[in-house]
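Novice: Quick one: the structure is below, questions incoming.
The values are calculated or read from the model by the stated rules, or taken from the named source; none is laboratory data. Not measured: the values here are computed from a predicted model. Cβ placement follows ideal geometry from the backbone for every residue including glycine, while neighbour counts extend to all protein chains displayed.
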Amino acid sequence: MNSNTNGFNNSLVIVVDDDPDVLRFIRRVLEKHFPSYDIMEFDDGLKVIDVLIDGNPKLMILDINLPCFGGLELCRLVRKWPRLNRMPILAITGLLTHKIEDTMLRQGASEFLRKPFDQNELARTIERLLV
């Protein structure tokens with residue numbers, strides 16, 4: 001893992017989704033288009049909190065519908081932390097209502113993608129967020 005002098009990883013992308021197929025797909029896109037970034041995967045929002053507290057991730061890709069601690073709650077929590085409140089968050093979901101998208105954007109998501117999305121759409125969105 002790449003780290004800066006403070007011990008915080010400044011090339012970390014966190015992916016949170018409870019679907020193993022989606023995690024694999026996103027990992028492949030990240031490895032292909034953004035090979036210099038480290039990737040950590042989580043299957044629920046509760047498990048990622050320690051990494052968010054101790055690390056300095058560059059981006060979080062966050063499913064909205066998660067077990068235990070959902071994406072909406074996690075997004076809201078991250079936006080309250082001064083050190084992470086500017087970290088880009090890409091919210092993703094298979095839910096089909098515009099209300100969900102509006103809610104996530106109001107809670108601090110930087111961008112929103114509706115599943116299923118293709119590799120190019122995901123890569124373009126991630127590139128915009130990492131610039």
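Novice: Give segment 62-83 a look and list any residue that's buried (at least 18 other Cβ atoms within 10 Å of the Cβ) and under 17 Å from N10 (Cβ atoms), or say none.
Specialist: V78
Novice: Quick check, is L30 modelled with pLDDT of 95 or more, in contact with a Phe, Trp or Tyr (Cβ under 8 Å, 6 or more places away or on another chain), crowded, with 17+ Cβ neighbours inside 10 Å and closer than 16 Å to D118 by Cα? Don't jump to the end; show me each part of the working.
Specialist: Values: modelled with pLDDT of 95 or more: yes; in contact with a Phe, Trp or Tyr (Cβ under 8 Å, 6 or more places away or on another chain): yes; crowded, with 17+ Cβ neighbours inside 10 Å: yes; closer than 16 Å to D118 by Cα: yes.
Criteria met by L30.
Novice: Could you list, in sequence order, all residues of segment 84-99 that are touching a residue at least 24 places away in the same chain (Cβ under 8 Å) and not small (G, A, S)? Spell out how you get there, then give the answer.
Specialist: Here is the first cut: in segment 84-99, the ones touching a residue at least 24 places away in the same chain (Cβ under 8 Å) are 84, 87-95.
Listed by number, the residues that qualify are L84, M87, P88, I89, L90, I92, T93, L95.
Novice: Let me ask something additional. Which of the residues belonging to segment 40-59 are small (G, A, S) and touching a helix residue (DSSP H, G or I) at 6+ places or on another chain (Cβ under 7 Å)?
Specialist: G45
Novice: Then there is this: Which of the strands (runs of 3 or more DSSP E) found entirely inside segment 48-131 contain at least 3 residues meeting this: within 17 Å of R24 (Cα to Cα) and in contact with a strand residue (DSSP E or B) (Cβ under 8 Å, 6 or more places away or on another chain)? It would help to see each step written out before you state the result.
Specialist: Details: elements: 59-63, 89-93, 111-114.
Strands (runs of 3 or more DSSP E) meeting the threshold: 59-63, 89-93.
Novice: Cβ-Cβ below 8 Å, separation at least six or inter-chain, first residue in segment 9-24 and farther than 14 Å from L122 by Cα and hydroxyl-bearing (S, T, Y), second modelled with pLDDT of 95 or more and in a strand (DSSP E or B): which pairs?
Specialist: Hits for this filter: S11/D38.
Novice: Looking at (1) at negative phi; (2) at pLDDT below 95; (3) among the hydrophobic types (A, V, I, L, M, F, W, C), can you tell me which one C68 breaks?
Specialist: (1)
Novice: If you don't mind, there's one more thing I want to ask. What residue, of D50, D43, is of a type in the set (D, E, K, R) and either crowded, with 17+ Cβ neighbours inside 10 Å or under 12 Å from the mean Cα position of the chain (by Cα) (or both)?
Specialist: It is D43.
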